[in-house]
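*Asks:* Would you mind keeping the following structure in view while I ask a few things?
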Amino acid sequence: MGVSNKIISILNFTAILCSILIIGSGLWLANKPDSHCIRAFRWPLLILGLLILLVALAGFIGAYWNKAALLAFHLFFMSLLILLLLILLVFAFVVTRPTGAYQVAGRGYEEYRLDGFSSWLRDRVADSANWNKISLCLSHSTLCSRLTQDYFAPQDFFAAHISPLQSGCCKPPTICGYSYVSPTVWINPTNPIADPDCLAWSNDQSQLCYNCNACKAGLLGNLRKEWRRVNVFLIIAVVVLIFIYVIGCSAFKNAQTEDLFRRYKRGWV
């Protein structure tokens, strides 16, 4: 195996590690309660990571056994996958830029407004005809029941940094003026505010605020928070893959030059 082929093999092994990082990020997202209930958000990273893994393996095999066709296949499709990864990264930054969060006095957690998020996210989740399925999925999770195990005194709950999903779905909005009994049980105010979310709240543990706009906003807040974390790993992966690709193209050209030189010395040309 020539020097250039050894370099390409090492680079593709690094690309395999990058693909594992992307797949791991996808698995982490897929196991989150919000992504678990929205299938469309579970698969893009996993599929892209698996494709990069397969293409990197093809490049590794092609370099190790000096298969020029596999190396050409690797370089062509890796360029397409890097482009797709860049598009996904930029798109994720754009649609998750608006936060929708706002501070509540005397609370450790934030609450969320639905209209504070990008219209693309709202159209795909909050305004979707699938919300009934999503809310049913959330109600069957341990999302809110965990709060009742972790917090008892009101001061502890009010100071807690609960997730956006728990903030929006497991309790009524603070503006409604409900009185605390437990994280998922609240007493109606004497003069309730005529707000759809305040009227939608129910102490029924299968209902809670799953039909509230606050719950939809909390779901988007969770998705935004998780994708922002994943974007850090995607940036690292993109930078490394681009570097590997540029060096790999150079090494591939050198490998072709080495091959022509060997043929010339042997009298084949």
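The values are calculated or read from the model by the stated rules, or taken from the named source; none is laboratory data. Quantities reported herein were computed from a predicted structural model and do not represent experimental measurements. FYI the Cβ positions are ideal-geometry reconstructions off the backbone, even for glycines, and counts take in every protein chain you see. Heavy atoms of the whole protein, side chains included, go into the accessibility calculation; ligands, DNA and RNA do not. Shrake-Rupley method; radii C 1.70, N 1.55, O 1.52, S 1.80 Å.
*Asks:* For Gly59, indicate whether it is open to solvent by less than 60 Å² (accessible area, probe 1.4 Å), in contact (Cβ under 8 Å) with a residue 24 or more places away in the chain, in the same structural domain as Leu136 (by the TED database) and in contact with a His (Cβ under 6 Å, 6 or more places away or on another chain).
*Replies:* The answer is no for Gly59.
*Asks:* Hey, among the residues in the range 99-120 that are touching a Gly at 6+ places or on another chain (Cβ under 8 Å) and free of Cβ contacts under 8 Å to residues at least 40 places away in the same chain, which one's least open to solvent (accessible area, probe 1.4 Å)?
*Replies:* Residue satisfying both the conditions and the ranking: Tyr102.
*Asks:* Among the residues of the range 182-219 satisfying the criterion of being within 25 Å of Thr99 (Cβ to Cβ) and without any contact (Cβ under 8 Å) to a residue 40 or more places away in the chain, which is surrounded by the fewest Cβ atoms within 10 Å (Cβ to Cβ)?
*Replies:* Out of the qualifying residues, it is Pro196.
*Asks:* Quick check: anything in the range 211-233 outside the structural domain of Pro44 (by the TED database), outside any helix (DSSP H, G or I) and farther than 23 Å from Leu89 by Cα?
*Replies:* Yes, because at least one residue in the range 211-233 is outside the structural domain of Pro44 (by the TED database), outside any helix (DSSP H, G or I) and farther than 23 Å from Leu89 by Cα.
*Asks:* Give me a count of the residues in the range 9-25 that are within 10 Å of Ile244 (Cα to Cα), within 25 Å of the chain's Cα centre (by Cα) and of a type in the set (Val, Ile, Thr).
*Replies:* Of the residues in that region, 1 qualify.
*Asks:* Scan the range 74-89 and give yes if some residue there is surrounded by fewer than 18 Cβ atoms within 10 Å (Cβ to Cβ), assigned to a loop (DSSP other than H, G, I, E, B) and aliphatic (A, V, I, L, M), otherwise no.
*Replies:* Within the range 74-89, not a single residue is surrounded by fewer than 18 Cβ atoms within 10 Å (Cβ to Cβ), assigned to a loop (DSSP other than H, G, I, E, B) and aliphatic (A, V, I, L, M).
*Asks:* Now, a different point. Can you tell me how many residues in the range 122-138 are at pLDDT 80 or above and aliphatic (A, V, I, L, M)?
*Replies:* The qualifying residues number 4.
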